Amino acid sequence: SNLSWLGYGCLNRDWTLITVNAIGAALQTLYVLAYLYYSPAKRPVLLWCLLLLVMLAAVYSYFTLPIADERTRRERLGLFCSVFTISMYLSPLADLVRGAEQ
């Protein structure tokens, strides 16, 4: 999420978005590295990290290669960032609803 908003900030040349999300991405990277270091099962964690990096590269490629118009790219990336952020915050609520039904 941070990296997608960082890309959106770069497209808009919005230094507030760039600064906040660059710091957030750096902190999340440190968290993942610390988790990897202290994790007893390193292989599954490395595989998940690799999978997420491949997904990140695919999303980056989608928003840079086939979309030549900068305005269209900015609009689609903004929509993607918004939907991704909303789904990220809704997913724990879905677990709460499932837990309440049981």
Report, to the nearest 10°, how far helix 2-12 tilts away from the longest principal axis of the Cα atoms in the chain, using its own Cα long axis and a range of 0 to 90°. 10 degrees
Calculate the FRET efficiency for THR16 and VAL54 from the Cβ-Cβ distance with a Förster distance of 30 Å, rounded to the nearest 0.05. 0.50
For the chain, what does the helix formula give at 222 nm: sum of -39500 (n - 2.57) over DSSP H segments with n ≥ 4, over the residue count, nearest 500 deg cm²/dmol? -31000 deg cm²/dmol
Under a plain spin-label model, where a point goes 7 Å from the Cα along Cα-to-Cβ, how far apart in nm are GLU70 and ILE86? 2.8 nm
Pseudo-spin-label distance GLN28 to LEU46, built 7 Å along Cα→Cβ, given in nm, is 2.3 nm
A correct Karplus calculation of ³J(HN,Hα) over segment 41-55, with 6.51 cos²θ - 1.76 cosθ + 1.60, θ = phi - 60°, whole Hz and x for Gly and Pro, returns 9, 6, 4, x, 5, 5, 5, 5, 4, 5, 4, 5, 5, 5, 5
Matching label for the computed mean projected area of the Cα convex hull in nm², out of (i) 10.0; (ii) 6.1; (iii) 8.5, is (iii)
Just to confirm, what accessible area per residue do you get for the chain at 1.4 Å probe, in whole Å²? 78 Å²
To the nearest 10 degrees, how steep is helix 70-101 against the longest Cα principal axis of the chain, on a 0 to 90 scale? 20 degrees
With Cα atoms, 0 to 90° folded angle of helix 15-38 axis to the chain main axis: 30 degrees
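The values are calculated or read from the model by the stated rules, or taken from the named source; none is laboratory data. Remember, it's a predicted structure, so these values are computed and weren't measured experimentally. Heads up, the Cβs are rebuilt from the backbone with ideal geometry, glycines too, and the neighbour counts pull from every protein chain shown. Please note that ligands, DNA and RNA were not included when accessible areas were found on the heavy atoms of the full protein model with its side chains. Shrake-Rupley method; radii C 1.70, N 1.55, O 1.52, S 1.80 Å.
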